[in-house]
């Protein structure tokens with residue numbers, strides 16, 4: 001029996017438990033492979049099973065349901081070593097609307113692996129927003145492997161944001177694939193700061209398969225020390241009047257290395273996709289402006305990086 005409390009895992013993620021442990025907020029709190037706490041609201045169902053190394057969860061938002069407050073999901077490994085494997089099947093049925101705030105915390109990691117595999121279905125005219133924030137310690141002993149396959153039905157909206165801007169990344173491999181049907185909208189955003197010997201790999205792809213579908217892929221990365229960041233964003237427009245944009249910005253300092261591979265593919269003469277990629281040091285004009293206002297070079301640089309990742 002674990003002596004870890006839900007409040008301990010929430011607090012390690014920077015969450016005030018008093019804001020979450022209330023009757024009107026749905027939540028799922030998992031430490032390693034133990035469900036420490038869960039709470040549902042009307043229209044939301046969670047069928048969760050503990051496995052040898054994590055959990056297997058099916059989450060359904062029933063048709064027409066609007067979940068008023070964000071659902072909190074917190075996954076964590078507080079010891080220095082551990083394995084956590086999360087299997088998620090998420091079904092947001094037709095006309096339903098939900099947002100999820102997911103926090104993953106590994107504050108003491110020396111040898112921790114966190115693996116997530118998600119299958120996400122956003123129904124007709126449904127809306128699903130997923131914000132995932134990671135909190136890592138300063139020792140870089142985490143390997144994070146999130147993978148997701150997403151389908152957005154006609155008129156649906158899907159938005160995901162991944163953020164890791166405090167603590168060492170360790171190693172991270174993000175692999176997301178999204179397909180949008182007629183008039184569906186997708187937006188995938190990653191904001192990550194790497195240092196030391198961190199390795200960041202991002203592979204995100206969007207398929208605009210339906211007429212008037214829309215898609216945006218955005219990656220904002222900062223690396224310093226000997227860190228590496230490799231970003232591959234792919235956007236394919238197959239249908240008439242599909243519109244998309246790929247945007248990758250990376251700031252490189254010290255001996256760090258960054259690469260960006262934006263791939264745009266148009267398979268219909270009535271579709272249109274654009275891309276933009278920029279890799280380099282901080283903008284010299286911004287740096288000079290901030291230093292002229294009294295900041296030293298180090299503080300000015302940090303402020304510019306914070307602006308990129310905010």
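No lab work stands behind these numbers, since they all come straight from the coordinates. It should be emphasised that the depicted structure is a prediction, and the values quoted were computed from it without experimental measurement. Backbone-built Cβ (ideal geometry, glycine too); neighbour counts: all protein chains shown.
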Which of 260, 68, 240 moves most in a GNM of the chain, Cα contacts under 10 Å?
68
On full extension of the chain, what length is gained from residue 45 through residue 299, given 0.36 nm per residue of separation minus the C-alpha to C-alpha distance?
86.8 nm
For the chain, modelled as a GNM with alpha-carbon contacts under 10 angstrom, which of 247, 175, 23 fluctuates the most?
23
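I'd like the antiparallel share, as a percent to the nearest 5, of DSSP beta bridges with both residues in the chain. Show your work: numbers first, answer last.
Working: 12 of 147 bridges.
Taking every DSSP beta bridge within the chain, about 10 percent pair in antiparallel fashion.
Can you give me the Kirkwood hydrodynamic radius for the stretch 1-154, using every pair of distinct Cα atoms, in Å to one decimal? Walk me through the numbers before you get to the answer.
On the way: mean 1/r = 0.0636 Å⁻¹.
Its Kirkwood hydrodynamic radius stands at 15.7 Å.
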For the chain, with a Gaussian network of springs between Cα atoms less than 10 Å apart, report the residue from 270, 62, 147 with the top mean-square fluctuation.
270
Value of Rg to Rh for the stretch 249-310 (Rh from inverse mean 1/r over Cα pairs, i.e. Kirkwood)
1.17
Distance between the stretch 68-147 and the stretch 261-310 - C-alpha centres, whole angstrom:
27 Å
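If you take every DSSP beta bridge fully contained in the stretch 16-150, what fraction is antiparallel? Give it as a percent rounded to 5.
Working: 12 of 63 bridges.
Among the beta bridges of the stretch 16-150, antiparallel pairing accounts for roughly 20 percent.
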Spin-label pair residue 94/residue 161, simplified geometry with 7 Å Cα→Cβ offset, distance in nm
3.1 nm
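Can you tell me the length gained on complete extension of the stretch residue 147 to residue 56, counting 0.36 nm per residue apart and subtracting the Cα distance?
Details: separation 91, 0.36 × 91 = 32.76 nm, distance 1.45 nm.
Value of the extension gain: 31.3 nm.
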Under the rule of -39500 (n - 2.57) per DSSP H run of 4 or more residues, summed and divided by the residues of the chain, what mean residue ellipticity at 222 nm is obtained, to the nearest 500 deg cm²/dmol?
-3000 deg cm²/dmol
Three principal axis lengths of the stretch 186-261 [C-alpha, angstrom, descending]:
45, 12, 12
A student applying the Cα gyration tensor rule (rounded when a/c is under 1.5; otherwise prolate if a/b is larger than b/c, oblate if not) would label the stretch 83-235 prolate
Per residue convex hull volume, Cα atoms of the chain, in Å³:
129 Å³
Regarding the stretch 106-171, what are the three Cα extents along the principal axes, ordered largest first, in Å?
44, 19, 13
Stretched fully, the stretch from residue 16 through residue 284 gains (0.36 nm per residue minus C-alpha distance, one decimal, in nm) 92.6 nm
For the stretch 142-228, what is the largest minus smallest coordinate of the Cα atoms on each principal axis, given in angstrom and ordered from greatest to least?
45, 18, 16
Would you mind getting the Kirkwood hydrodynamic radius of the stretch 180-310 from its Cα pairs, rounded to one decimal in Å?
15.8 Å
